[in-house]
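Here is the structure we will look at, set down as structure tokens.
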Amino acid sequence: MTLPGVFEQVPESGVIDPPLWTLRYETVCYVLLALFALVGVLATRFRATLTLAVILGLYAFVTFATSWRTDIGAIDSATRFVLDFFLGGAFYLFADKIRLDLRVVLVLGVAAVATFGTAAYEAAFRVALTYGLLWFVLVPGGPLRRFNLIGDYSYGIYILCFPIQQTFVMLNPQITPGWLFMCSFPAVLALAILSWHFIERPALRRKAWAGDCVGSLMRGAQQRLTTVLGLGAAPKPQASASER
């Protein structure tokens with residue numbers, strides 16, 4: 001997050017782009033997911049449920065039975081991100097069983113508020129947040145659903161805002177927060193638009209092709225691992241588009 005000699009004369013000295021700090025933990029989650037898939041513990045809903053139960057058990061152990069999260073910042077961050085990631089996985093796994101209802105959103109929100117300041121708050125808050133976000137993006141219609149018709153500029157804004165704001169502060173150390181927002185937002189939005197149309201969307205168009213390549217490699221590795229570990233046969237390769 002730092003580069004020697006860059007942004008050294010600003011209040012947030014040497015800091016380049018704090019939002020990128022989460023990428024290492026996101027990578028850890030995807031690596032875990034790939035490993036679980038390779039060894040076959042996600043091959044059926046029953047196995048996936050057991051895997052989720054083990055993950056939640058490890059979360060509870062690290063959180064309530066050790067001081068690791070207090071003593072080691074990386075473990076605290078990894079614990080939170082892994083919980084969030086696999087909570088999302090649980091909602092995906094049981095999507096056909098979960099009903100998105102505003103009343104449930106409110107109940108979970110009340111439960112989170114009621115547990116504030118207790119050991120149960122973090123888990124209650126994250127369950128409420130996960131369910132509430134899914135309700136928010138999937139249930140309401142109207143203008144909300146038309147938000148991304150032109151382009152999805154949210155990620156570009158998220159990762160580009162800090163270095164651009166640092167640049168404005170470096171050029172004018174006396175700039176106020178209000179002027180900083182007014183000056184930086186057009187530049188951030190313009191770059192986010194370019195990022196979406198020339199980097200992010202073209203990359204997403206390659207997702208299916210990349211998925212086929214990675215999937216082929218994963219299936220080959222899984223066939224070997226499942227045979228060695230005795231976890232049953234790997235899933236059959238999906239038919240190609242031409243075969244369908």
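No lab work stands behind these numbers, since they all come straight from the coordinates. Because the structure is a prediction, the values reported are computed rather than measured. Quick reminder, even Gly has a Cβ in these numbers, built from the backbone with ideal geometry, and neighbours come from all protein chains shown.
Stokes-Einstein D for the chain at 20 °C, 1.002 mPa s, Kirkwood Rh over Cα pairs, in µm²/s?
98
Run the quick spin-label model on Trp68 and Leu144: label points 7 Å from Cα toward the beta carbon, then report their separation in nm to one decimal.
It is 3.8 nm.
Under a point-charge model restricted to the Cβ atoms of Lys and Arg (+1) and Asp and Glu (-1), what is the dipole moment magnitude of the chain relative to its Cα centre, in debye to the nearest 20?
1040
Please order Asp96, Asp71 by the number of other Cβ within 10 Å, starting at the fewest.
So the residues, fewest neighbours to most, are Asp96, Asp71.
Pull out the extension gain between Leu50 and Tyr155, defined as 0.36 nm times the separation in residues minus the alpha carbon to alpha carbon distance; nm, one decimal.
Using 0.36 nm per residue and subtracting the Cα-Cα distance, I get 34.5 nm.
Based on alpha-carbon centroids, what's the gap between region 66-106 and region 152-184 in Å, whole number please?
31
Give me the log10 of I(q) over I(0) for region 44-89 at q = 0.15, 0.16, 0.30 Å⁻¹, as the Debye formula computes it from C-alpha points; what are the numbers?
At q = 0.15, 0.16, 0.30 Å⁻¹ the computed log10 ratios are -0.40, -0.44, -1.07.
Set the Förster distance to 41 Å, then compute FRET efficiency between Leu32 and Trp179 from the Cβ-Cβ distance, nearest 0.05.
0.40
Once Rh is set to the Kirkwood radius over Cα pairs, what Stokes-Einstein translational diffusion coefficient, in µm²/s, holds for region 44-136 at a temperature of 25 °C and a viscosity of 0.890 mPa s?
Estimated via Stokes-Einstein, D reaches 173 µm²/s.
Fewest to most neighbouring Cβ within 10 Å: what's the order for Cys213, Cys183?
The order, fewest Cβ neighbours first, is Cys213, Cys183.
Cβ under 15 Å from Asp76's Cβ, Asp76 left aside: what net charge do those residues give with Lys, Arg +1 and Asp, Glu -1? It would help to have the intermediate numbers written out before the result.
Details: positive: Arg24, Arg69, Arg80, Arg126; negative: Asp71, Asp84, Glu122.
That sum, taken over residues with Cβ under 15 Å, equals +1.
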